[in-house]
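*Asks:* Quick one: the structure is below, questions incoming.
The values are calculated or read from the model by the stated rules, or taken from the named source; none is laboratory data. All values reported here derive from a predicted model rather than from experimental measurement. Positions of Cβ are generated from backbone atoms using ideal geometry, with glycine treated the same way; all protein chains shown enter the neighbour counts. Just the protein is used for accessible areas: all its heavy atoms, side chains included, with ligands, DNA and RNA removed. Shrake-Rupley method; radii C 1.70, N 1.55, O 1.52, S 1.80 Å.
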Amino acid sequence: MANSKRKFEDKLEELEKIIATLENGDVALDESIKKYTEAMKLVKECDDELKDVEEKVNKIVSENGELKDFADLEVK
């Protein structure tokens, strides 16, 4: 399964496994570089997904069905 098709939580779990492996220190240099590269790709994917979700959360549908920025709403 491609990384972009996995759930966010699955990506975080994989990232945690990679970090644990690298922290253990029992990995050869070449393998460490591969693991680090894989981890950085996961970090970027997770960051992009979080930014997308944050943008969606910061928008709200108004009474007339238009999307509005949450920050622009008046408190009544």
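*Asks:* Only one residue in Thr37, Thr21 is under 16 Å from the mean Cα position of the chain (by Cα) and polar (S, T, N, Q), so which one is that? Steps first, answer last, please.
*Replies:* Details: Thr21 fails: under 16 Å from the mean Cα position of the chain (by Cα).
It is Thr37.
*Asks:* Let me ask another. Would the stretch 5-20 turn up any residue that is at pLDDT 85 or above, open to solvent by 100 Å² or more (accessible area, probe 1.4 Å) and not in a helix (DSSP H, G or I)?
*Replies:* Yes, that holds for at least one residue.
*Asks:* Consider only pairs whose beta carbons are under 6 Å apart and that are at least six residues apart or on different chains; among these, list those whose first residue lies in the stretch 41-52 and is open to solvent by less than 70 Å² (accessible area, probe 1.4 Å) and whose second residue is hydrophobic (A, V, I, L, M, F, W, C) and in a helix (DSSP H, G or I).
*Replies:* Close Cβ pairs satisfying both conditions: Leu42/Leu15; Glu49/Phe8.
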